[in-house]
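Quick notes on the structure that follows.
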Amino acid sequence: MKFAAAILLASSVALAQSDLNGPCGGGTANPPQCVSGLVCIIPSTSPVGSGGTCQRRQSDIDGPCGGGTLYPPICQGQLVCDIPASSPVGSGGSCKRKVSQIGEPCGGGTLYSPICDTGLECVIPADVPVGSGGQCAKKSSTDSTATTTGIASVKTTSEVTSVSATYIVKPTTNVYTSSSLEAKQVGFGLVAVLLASMF
């Protein structure tokens with residue numbers, strides 16, 4: 001009778017299972033195990049023989065996710081679970097990079113950062129720290145009034161201090177060229193020759 005009770009006790013200890021966030025593993029005999037769908041996470045910095053806690057399984061890109069089980073796998077980091085709309089109820093999917101729309105976050109220094117949808121581009125301000133993300137915006141078309149060299153806009157001849165680029169064009173203002181140093185007043189047809197000595 002005592003022998004049977006000991007076997008029953010041993011079997012109950014061996015079958016002990018922990019739920020989400022419950023204890024698991026460790027250096028003891030018959031440590032608790034995680035229920036189906038969970039994995040035992042033991043921090044790498046823990047002393048040898050330490051136990052961990054039961055957590056949901058995290059899938060890498062293209063790995064399985066979702067589904068009708070109690071604890072389906074989830075996607076790690078910024079990945080999202082892509083389940084086809086035509087899939088039967090309870091079906092799982094696979095982990096994919098998030099596709100952002102206009103105004104949504106994109107880029108950055110993290111693994112599998114969001115990408116912009118077709119026809120959009122990720123705009124990251126120049127003055128943000130390295131590794132920062134941006135926002136998705138419509139792809140900018142070539143603007144005929146934009147400068148090709150990044151020189152500040154020029155509005156009047158009195159504001160000109162140097163012309164070192166190919167050209168700068170601004171509507172209803174002067175057009176300056178480095179080759180001839182000419183200023184043409186758009187809309188008035190007046191031409192004034194700017195000599196190098198005037199700068």
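Spin-label model, Val39/Arg56: points 7 Å from Cα along the beta carbon direction are separated by 1.4 nm.
In sequence order, the stretch 39-50 has phi-based couplings of 10, 8, 9, 10, x, 5, 8, 6, x, 4, x, 6 Hz under the Karplus curve 6.51 cos²θ - 1.76 cosθ + 1.60, θ = phi - 60°, and Gly or Pro positions carry x. Relative protection proxy for 29-37, 75-83, from highest mean packing down: 75-83, 29-37 (other beta-carbon atoms within 10 angstrom).
Taking amide H positions as modeled 1.01 Å from N, with prolines and chain starts lacking one, the residues under 5 Å from Gly63 and 5 or more places away or on another chain are Cys95.
Here's the picture: charge each Lys and Arg Cβ at +1 and each Asp and Glu Cβ at -1 in the stretch 79-139, and of Pro125, Val89, Gly107 the one pushed furthest to the positive end of that dipole is Val89.
If R0 equals 45 Å, the separation of the Cβ atoms of Gln101 and Asn21 corresponds to a calculated FRET efficiency of about 0.85.
The amide H of Ser100, built 1.01 Å from its N in the peptide plane, has Ile115, Cys116, Asp117 as neighbours under 5 Å, considering only residues 5 or more places off or on other chains.
In order along the stretch 114-126, phi translates into HN-Hα couplings of x, 10, 8, 5, 4, x, 10, 9, 8, 9, 10, x, 6 Hz, rounded to whole numbers, per the Karplus curve 6.51 cos²θ - 1.76 cosθ + 1.60 with θ = phi - 60° and x for Gly and Pro.
Taken together, the values in this text are just the output of simple stated rules run on the coordinates, not laboratory data. All values reported here derive from a predicted model rather than from experimental measurement. Every residue, glycine among them, receives a Cβ derived from its backbone with ideal geometry; neighbour counts consider all protein chains shown.
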